[in-house]
Structures are given as C-alpha cells and as structure tokens.
1. So is T282 within 20 Å of I323 (Cα to Cα), among the β-branched types (V, I, T), in the same structural domain as G317 (by TED's automatic domain parsing) and modelled with pLDDT under 95 or not?
2. Is there a residue being modelled with pLDDT under 95, of a type in the set (K, R) and either in a strand (DSSP E or B) or exposed (fewer than 15 other Cβ atoms within 10 Å of the Cβ) (or both) anywhere in the stretch 89-105?
3. Tell me which residues, restricted to the stretch 554-583, are of a type in the set (S, T, N, Q) and either under 49 Å from the mean Cα position of the chain (by Cα) or modelled with pLDDT under 90 (or both).
4. Is it the case that the stretch 584-591 has a residue that's under 43 Å from the mean Cα position of the chain (by Cα) and not aliphatic (A, V, I, L, M)?
5. If you check K672, K665, which single one turns out to be surrounded by fewer than 21 Cβ atoms within 10 Å (Cβ to Cβ), assigned to a strand (DSSP E or B) and of a type in the set (K, R)?
6. If you check every pair at least six apart or on different chains, which have Cβ atoms under 6 Å apart with a residue in the stretch 216-230 that is among the β-branched types (V, I, T) and at pLDDT 95 or above first and a residue that is surrounded by 14 or more Cβ atoms within 10 Å (Cβ to Cβ) and assigned to a loop (DSSP other than H, G, I, E, B) second?
7. Quick check, is T646 within 43 Å of the chain's Cα centre (by Cα), touching a residue at least 24 places away in the same chain (Cβ under 8 Å), surrounded by fewer than 20 Cβ atoms within 10 Å (Cβ to Cβ) and not in a strand (DSSP E or B)?
8. Just give me the residues in the stretch 9-41 being of a type in the set (D, E), touching a residue at least 40 places away in the same chain (Cβ under 8 Å) and either touching a strand residue (DSSP E or B) at 6+ places or on another chain (Cβ under 9 Å) or crowded, with 16+ Cβ neighbours inside 10 Å (or both), in sequence order.
Amino acid sequence: MAPPSNVAAIYDITQDNTGLVTITPSADGAVGFKVFFGDTTKDPETLTPGQSIDHTYAEGTYDVKVVAYNLGGDETELIQQLVVSFKAPQNLVVVIENDKAISKQVNITANADFAAMFEFDSGETGITQPVATANIGNTINYQYKDAGKYSVKVTAKGGAIATTEYTAEFEVTAILAPIASAVTPPVRNATDVISIFSDAYTNISGVDYNPSWNQATIYSAFDLNGDAILQYSNLNYQGIDFSNNLQDASSMEMLHIDVWTADATSIDIYPISSSSSEFFVTKQLKTNEWNSFDIPLSEFTSQGLVISDIKQFKFVGSGTVFIDNLYFYKAPTTFPKVFDDFEGNGTITTWFGDSAGADTSFANPFKNTDNSSNAVLKYEDTGGQYANVRFDVAQNFDFSVKKKFSLKVYVPSSSVTGSSPNQVSLKLQDGTAAQPWVSQTEIIKPIQLDTWQTLTFDFENDATAGSPNPLNRSDFNRVVLQVNGENNNDNVIAYIDDIAWGDDLFTGPIPHDDFEGGGNITTWAGDSAGLNTSLANPFKNSDNNSNTVLEYDDTGGQYANIRFDADANFNMEKHTFSFKIYVASTSVTGGSPNQVSLKLQDGTASQPWVLQTEVIKPIQLDTWQTVTFDFKNDTTVGAADPLNRTDFNRVVIQVNGENNNDNVKAYIDDFKYQ
C-alpha cells in the first residue's frame, strides 16, 4: 500500500476582518487527515476526506501542517504557509498563459502581499463567475470550451474586507496540430507487416500520398521533430494510391492507423481492392490526442472486400486530420529476439523514462574489462517517487520458451542520495492494461556500487513479488527497470548494458573462467602446448591479484595452442572476448612476434581451422595486461564477415604465432565473452 500522495490544503478566508479561515485538505490514497493550525492551538483537528475545518486566526503568518494517512498508518505531511492580514492585498502579480500541451487550457498564477487566496473570472458568458479559486502562489488550470478573446479578472483576497483586482484582455488559443508523436509501433518481423506509411518500418515503394481525385482536401507533409506525419486539411475525401504495387494482405490480420485531430469527430477508412467494391469502417475520434486503431481485417472482408490485391486507401470526413503509422500486420509467427546492447544491434527500439532520464546511447563512463562496451543506457532518477525506465515488445512473452532476463549495471556511489536500498528490480506488466502495475510481477536483486555486475532475473527460480506464478501468465509485454526502489525521492544514476531475454545475446551459457572455480568452462585442451588450469599465480600484483591462473607452455610445437568448446554456437551479436595475460621474457626463444591471437572455429568440422576467423593482438612482456578481441571492430583474418557466422563454437588461443618452433610460456586469467 503506497503512502498518500499529492497532499494539498485549500484556504478560504472570509473578507470581514475576523480572521476566519476554512481549511480543506486533500490527498490521493488518504483515509484521513490531521490538521495542525500553526498557531497556539495545541491539538490538531482530525478530518475525513471531503471535510473542512473553520479556524479563527489573529493577523500573522502561519505554517499550517496537514498530515494525510492511509489504512496502513503510512503518513505523508505537507507544511503550507498561510497569511492572515486585515490589509488589502498589495503588489498583486498575475501570470496568465496558454498551456503548451493542452488545447484551450489557461494556467493562472497569482502572488500578492497580505493575500491568502485568489479567484479567477474567465470572462465567459452564461457561466457563473468566479470559475476557480486557489491559494495565493498556486496555479489554476482552467479549460475553456472555445478559443477566442476574453475579459478575465483575478481577485486577490486576504482577511480584510478590501480586495485587489487584476483585469486583462486575454486570447485563449487552440492547439491545431499534434505536439507529440503517436506511440512508436513495436518491433516486428519484416514478414509480419506491410507498411504503407510509418517511420518504424520499411514502407512499400511507389506510394502517392496525394493523388489527384478532385478532392477539396489540402495535403501537407507534416514534420514533428523528425517524425514524418500526413496532414489532410479541409477534409472531404482523400486518397493514398499504390496501384502500381498491389499488396496482398490476405496473410495479415489487422490494419493499424493513428489519427490526431483538433476538430473532426469521425473518419471513414477504406482499404480499396482492385477486384471488389469499396467498403469502409467508421471510427469515432477524440480531439487533441492520438487515436490509435487496430482494426481486424475481418471487419472489411465480412462486407465483401478482397484483400489480396489492395491498391489504395481512401479517407472520408471533415476538418483536419493527421495520419501516421498506417500498416497491415499479423501476430509474429516466431518471437523476435529481445535484447539491446545500446550500440545499434538490439531489437528494442524504444525506451521510455517515467520520472527518470533514459539516454540509450551514452558513452560508457566506466569502460573496463568487466564491460568494454562503447555505449550504454544512462538511467537518471532525480527524485521521482516511482521513477523507472521501460520498453514494450510486439508479442507477449512466452515463458515456456525462456524464463530469464539478464543485464549489466553500474551504479556510482557518488550519484546516490538518501537511504534507499541499493538494488535493481525487473517488473513484468501487461502494457495494455489501464493500470499495468496492479497485476505486475517483480524480482528484486541487490547490487554493489562502483562496479559492473551482471544480474539475472529468473522467473522460475527466484523469489517474485506481485502476481502469483508468473510462468502461467501469457499477457506480459512490458519490462520495467527500477533502481533503488520506489516510493522515495532519492537520487540515483545507473548505467545499464546488454539486457536480454533468456539467451538472446548468446545461445548458451556465457563462457567465462577465473581459474579459481568461478567459471563455467569445464574443459580446456592443449594442442602441442602444456596446460595447467590451476597454477598458483607466479606474478601476483596489483594488476592481477588472483590466486590461480592458467599456465600455457609451448615448448616448441609448430602449431601450439590451447582451446575450449562452448556449450552452444556463439551468437555474434555478442562479439567481444577478453582475458588477462602475462608473458615472462625469460621464457621466450626465437624471433617470433610477441603477440596473442584468438581464433573462432567450428569444432564439429573435420578441419576446423579451414574456415576459422582470427584477431591478433600485440603484447608486452613482463607485465599483466588485458587483451580484448572485438570481432566487429578489430581487423580479422580468415573467414570473411564473421558476424554473420552462426557455426562458431570453439575458441583457440595461440601465443607468439604458429608455424615456428620457438618456446614461450604465458599465464592467462579472467577469460570472458562479453
């Protein structure tokens, strides 16, 4: 149960020099209030929601405290100033502005000395005035029915009989075009969508968005911060034509369209076939917001429309409409992978921040061997009570397929305020529900500060909070991440990377080995090279204080190397390997270059080296160093375009090259695939 929120108190002071003030408290989630008057009165007054209390004050300034509480006894308090004066209000300053986001809404703020409250007269005829009141210093948000010029008045009141007024001619404006984009369509397989107009997908070719059909409609290409939208003004009817590129939508299931309008009430939507008559459906429109429609194609085919040869669209209506995201789609035949490495390789295209910043291409400020990614997601909670970031997927999660999520996280201690627990929670929700948090399920994981760590959220084996047995749910399509808990106003910055559902960043367990029992590479093999996977670290220092390492001992083998095979083929969307290495100069003979190479092979092939790919890195002698092999950005030798290969399951490490009989001894530690 959340503590009460949005605690407020409205003052109503009589203008008769008596100091009589009516106090009305309010809050979300409260079952009662305690009002402390702030004067010499010792005991508070207890009220229920909707009740008010009258109290007589002497002239002066008071701090009134309102404590709201819920059924569980949780309390939230507000301290609010009250000025009681028997002087007329002075120095009245009024600010009246049109709201930037809500059409025909006016926001009024008033400040004055010796005033406790103010009233707003809207200037509308046929409406009882004043239309709203507020405490001095607060803001009234008033919604007009019609745009236009009005004679408005603000009256500041205190405890005195005399009041102070402000009057002005003010023009109320209407918002006539969208100021925010429609919701970005979800990620879909190319075979599951036919896009006529959308920035989210690849549109079909040969589309005319303004064919000459003798319409009265005026077409404009509308750009909203880089988001392309179709604008049709003075609409009577309007076409979209792709007759030279007929579309077979018979395998599709739905038609999607987003419509915004300031003045239209409905729109008729016609997909037009080459071989059947015209049929339409009518959709009612809400003004000043995006109307998002998913229309079953059966609503057209049941009327007789043939959808195997769609050539055009027609819209019939009035006023001005803005249209975006016009496409046919069907439920995915297979789930898209769900992952994001924040370097352009992910399938999660849109992240949302709820009272938290979400920069999805932030330069990794803590790049090291634990996470060598160039870019990460920056999560910045500057005190939001329920701050989080989230993303939605196109198809609900199927927990019979995958039951885990994983991610990397780094939280610098310098960014944390307050005493909230250091943790990350991952919540699953039904993003289509009006209140998706009501039936959510959640896993909470503790974290360490000032280090990269990988967290796994296992909805089969971890303790979950919220809805019981989440594996039986089939309506989850939203993932919410929350750092350091909710219902607090603490600050925290976190850096998140490599989020994946199941093993979408890699098709098997992520290979790693610290040679101290913490790895999952159970078998290393040596090819003409001696191998000891639990040697006491002979060069233990601040660069590598591990107790044990792997010893690689090439005593002259022509193609000496060591290797291991992974449990599954590598998914090269995850394309970086790294480890620490130390080569003692006293162990080296011959003139071979001081280097180390990492090769990827198909271990099931009879000659796995034939189609291998390799990255070679120079090394220094007599020092621990971390070597990173990036098969996306480093120069590779061997198989072309290794990122498109799906048959690699073997890693081969070779020190100081091959095709020589030189000696070399190396020590290897902290092998990682990342």
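1. Answer is no for this residue.
2. Checked the stretch 89-105: at least one residue is modelled with pLDDT under 95, of a type in the set (K, R) and either in a strand (DSSP E or B) or exposed (fewer than 15 other Cβ atoms within 10 Å of the Cβ) (or both).
3. Of everything in the stretch 554-583, those that are of a type in the set (S, T, N, Q) and either under 49 Å from the mean Cα position of the chain (by Cα) or modelled with pLDDT under 90 (or both) turn out to be N561, N569, N571, T576, S578.
4. No, that holds for no residue.
5. The unique qualifying residue is K665.
6. Note: pairs meeting the criteria are T217/L235.
7. Yes.
8. Correct list: D12 only.
The values are calculated or read from the model by the stated rules, or taken from the named source; none is laboratory data. Treat the numbers as computed from the prediction; the structure is a model and nothing was measured. Glycine gets a Cβ as well: all are built from the backbone with ideal geometry, and neighbour counts include every protein chain shown.
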